[in-house]
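Participant: Below you will find the structure I want to go over with you.
Where a number appears in this text, it was derived from the coordinates with a stated rule and is not lab data. Fair warning: this is a prediction, and the values are worked out from it, not measured in the lab. Neighbour counts run over all protein chains shown; Cβ positions are idealised from the backbone, glycine included.
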Amino acid sequence: MQSQWFCDAMLEFYPKEIGKIEDRIGRFPRIREAWERRPG
């Protein structure tokens with residue numbers, strides 16, 4: 001049953017982490033726009 005616990009833990013952990021990564025990736029276009037608007 002230890003493997004069942006491990007699978008349950010991973011299925012709970014990874015979707016949360018993937019969501020965080022997607023949020024971070026979503027910020028990059030706004031950051032790029034801000035940098036491109038900077039003078040010089």
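Participant: Just going by the charge dipole of the chain, with Lys and Arg at +1 and Asp and Glu at -1 on Cβ, which of 14, 29, 3 is farthest out on the positive end?
Facilitator: Positive-most Cα among the choices belongs to 29.
Participant: Oh, and also: Using θ = phi - 60° and the Karplus relation 6.51 cos²θ - 1.76 cosθ + 1.60, list the HN-Hα couplings for the range 15-20 in order, rounded to whole Hz, with x at every Gly or Pro.
Facilitator: Using θ = phi - 60°, the values come out as x, 5, 5, 4, x, 5 Hz.
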